[in-house]
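S.K.: Have a look at this one before I ask anything.
The numbers here are math on the coordinates, done by the rules we state, and not lab data. Since the model is a prediction, treat every value here as computed from it, not as a measurement. Ideal geometry is used to build each Cβ from the backbone, glycine not excepted, and the neighbour counts take in all protein chains shown.
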Amino acid sequence: MTVPKRRSTIGLWLGFATAMMSALAGGAVWCVLVLRTGHELTWFALVCAIVVAWALRANGFAGSRVGAALAALCTALACIYAQCLLAVGDVAQAMGFSLRETLYRIGVDFVVAVATGRISPWQTALYVVAMALSAWLVLRQPKKASTA
């Protein structure tokens with residue numbers, strides 16, 4: 001009989017922080033790729049979902065509902081962050097300012113308005129699929145160690 005491993009509180013907090021930072025980094029990379037290529041790259045939401053799920057599973061959230069909820073939230077954060085950065089990029093390009101200066105000039109409410117205007121219904125559907133994928137990947141039970 002195997003004794004279930006107890007997850008440490010500090011390990012779970014580190015896992016949560018890792019997933020959040022992975023989501024933010026994924027959103028930033030997504031934004032840079034879109035700005036450099038000129039294509040929407042909506043499928044990158046799936047990549048962010050997989051990375052977030054891997055980070056949570058590797059840090060003790062595998063097979064838990066809390067982990068699945070965190071995975072969906074972190075994936076949503078990556079999508080929202082990328083779209084907000086892209087909205088600032090669009091306005092900065094139109095105004096001829098840097099990203100930082102544009103963000104200070106237009107404010108958060110205008111960024112959110114431009115970001116929501118950029119997103120099509122099929123992009124929203126793909127973001128929801130990415131959130132569901134990340135939650136499902138985390139919710140799967142961890143593989144049992146083989147006894148040889």
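S.K.: Please compute the modelled spin-label separation between VAL29 and VAL47, points set 7 Å along Cα→Cβ, answer in nm with one decimal.
M.R.: Using points 7 Å along Cα→Cβ, the separation is 0.6 nm.
S.K.: For the chain, what is the convex hull (Cα atoms) projected area averaged across all directions, in square nanometres?
M.R.: One quarter of the hull surface, i.e. the mean projection, equals 10.9 nm².
S.K.: If you average the C-alpha positions of region 85-148 and of region 26-56 separately, how far apart do those two centres end up, in angstrom?
M.R.: Centre-to-centre (Cα) distance: 8 Å.
S.K.: For region 6-40, run through the trypsin sites (Lys or Arg not before Pro) and keep only the ones in DSSP coil with at most 14 other Cβ atoms within 10 Å of their Cβ.
M.R.: Here the trypsin sites (Lys or Arg not before Pro) that fit, given the DSSP loop and packing criteria, are ARG6, ARG7.
S.K.: Taking a label point 7 Å from the Cα of MET95 along the Cα→Cβ vector, which residues of region 109-142 have an amide N closer than 14 Å to it?
M.R.: Of the residues in region 109-142, 109-115 have backbone N under 14 Å from the label point off MET95.
S.K.: Hey, another quick one. Find which of GLY63, CYS79, PHE110 sits farthest along the positive direction of the dipole of the chain, computed with +1 on the beta-carbon of Lys and Arg, -1 on that of Asp and Glu, about the Cα centre.
M.R.: Positive-most Cα among the choices belongs to GLY63.
S.K.: Quick one: dipole size for region 11-139, taken about the Cα centre, charges +1 on Lys/Arg Cβ and -1 on Asp/Glu Cβ, in debye to the nearest 20.
M.R.: 200 debye
S.K.: Here is a further query. Using label points projected 7 Å from each Cα along Cα→Cβ, tell me how many nm separate ASP109 and ALA58, to one decimal.
M.R.: 4.2 nm
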